[in-house]
Amino acid sequence: MGMGSEHLDFTVGVVGAGSMGAAVASGLVRSGAMDASQVSVSNPSEGKLEPLAKMGVSTFQSNASMLQGDVQVVVLAVKPQILPAVVGEMGEALQGRLVISIAAGISLKALEGLMPSSRVVRAMPNLPVQALSGATAVCVGSSATEEDARRALGVFSCLGVAKLMREDQLDAEGAVVSCGPAYVALVADALTRRGVEAGLPAADVRQMVLSTMRGVAEQLLESGENPRAYMERVTSPGGTTAAGLRAMEPGLVDSLWVGVDAALRRTAELSGK
């Protein structure tokens, strides 16, 4: 269940049923935020639409056909390189609608240039939205209203946590949060491998490490407790955890900071900044 699970009072049409498009469409229904009748999806390949159709979501192989129906909010879940062509094909059908783009690297200014008569929002979801436990940064365009922001946050809150940000904060959010799943998986892998080296069965220790990580995240999210305070609760003076943390923390913190800095540098290179 996503963090914000209140029932949403509008309709959504998702353009594209790739991994992210399918995650948004199915997540809206699986989380209880929307009835299947409120969600539509379009995709040229019928195979990708089948699992969504089985959930009761309305599916279309044509974007134009989908937009003829009752679609108040359009989510563009297509690859950045084809987004301009897809928007061009839809033309006037997007007029006056709220359009949310999840295409990485396409700015609000560029989106507003492509869709001058639509209200535009950018969203940056990460991969765990597929498990209804992801994180999404949302930033609103110049003509988007407070209601548009509420609706965009509503769509992504049911897939985990969604926060309103300025567009100039997206690079840092990307380097920390969008890349974050890989960093967390690296920690899980390193702990598992060390456990195996020490004689533990691989499958068992992996499952135990991952269950622990999920439990810590859930406790911290529910309590709002500072992670440092949580660490102190788990750590007895002079005990094994204290010894482990004392040895681990300096190198781990340095590595994480270096990693995020490298991701930020690469972001700047890719965007030509």
Folded to 0 to 90 degrees: helix 146-157 orientation relative to the chain principal axis, Cα: 50 degrees
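Scan the range 152-220 for trypsin sites (Lys or Arg not before Pro) in coil per DSSP, keeping those whose Cβ has at most 16 other Cβ atoms within 10 Å, and list them by number.
Values: sites: LYS163, ARG166, ARG193, ARG194, ARG206, ARG214; in loops: ARG166.
Answer in residue order: ARG166.
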Long-range HN-HN contacts of ALA162 with modeled amide H, under 5 Å: THR136
Cα-Cα longer than 26 Å, checked against LYS54/LYS109; LYS79/LYS163; LYS48/LYS79; LYS79/LYS109, kept in input order, equals LYS54/LYS109
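Based on DSSP H runs of at least 4 residues, each adding -39500 (n - 2.57), what is the mean residue ellipticity at 222 nm of the chain after dividing by all its residues, to the nearest 500 deg cm²/dmol? Before the final figure, lay out each step's value.
On the way: 11 runs with 137 residues, N = 273.
Helix contribution divided over all residues of the chain: -15500 deg cm²/dmol.
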What is the spin-label model distance, in nm, from ALA185 to GLU225 if the labels are put 7 Å beyond Cα along the C-beta direction? 2.9 nm
Compare the Cα positions of VAL57, GLY16, GLY199 along the charge dipole of the chain (+1 at Cβ of Lys, Arg; -1 at Cβ of Asp, Glu; about the Cα centre) and return the one farthest towards the positive end. GLY199
With the crude spin-label approximation of a point 7 Å out along Cα→Cβ, what separation in nm comes out for GLU46 versus VAL234? 5.0 nm
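Find out how many positive minus negative residues lie around LEU200, taking Lys and Arg as positive, Asp and Glu as negative, among other residues whose Cβ is under 12 Å from that of LEU200.
Numbers: positive: ARG193, ARG194, ARG206; negative: GLU197, ASP204.
Taking every Cβ under 12 Å from that of LEU200, the sum is +1.
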Sequence order, the range 256-266: Karplus ³J(HN,Hα) from phi using 6.51 cos²θ - 1.76 cosθ + 1.60, θ = phi - 60°, Hz rounded, Gly and Pro as x, gives 5, 5, 4, x, 5, 4, 5, 5, 5, 4, 5
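Report the charge-dipole magnitude of the chain in Debye, nearest 20, computed about the Cα centre from +1 at each Lys and Arg Cβ and -1 at each Asp and Glu Cβ. Show your work: numbers first, answer last.
On the way: 22 positive and 27 negative charges, 81 e Å.
Computed charge dipole of the chain: roughly 400 debye.
So how much slack lies between GLU269 and HIS7, counting 0.36 nm per residue of separation and subtracting their Cα-Cα distance, in nm? Present the calculation step by step, with values, prior to reporting the outcome.
On the way: separation 262, 0.36 × 262 = 94.32 nm, distance 4.12 nm.
That pair, GLU269 and HIS7, stretches by 90.2 nm at full extension.
Where a number appears in this text, it was derived from the coordinates with a stated rule and is not lab data. What you are looking at is a predicted structure, and each value in this text was computed from that prediction instead of being measured. Neighbour counts are summed over all protein chains in view; Cβ atoms, including those assigned to glycine, are modelled from backbone coordinates with ideal geometry.
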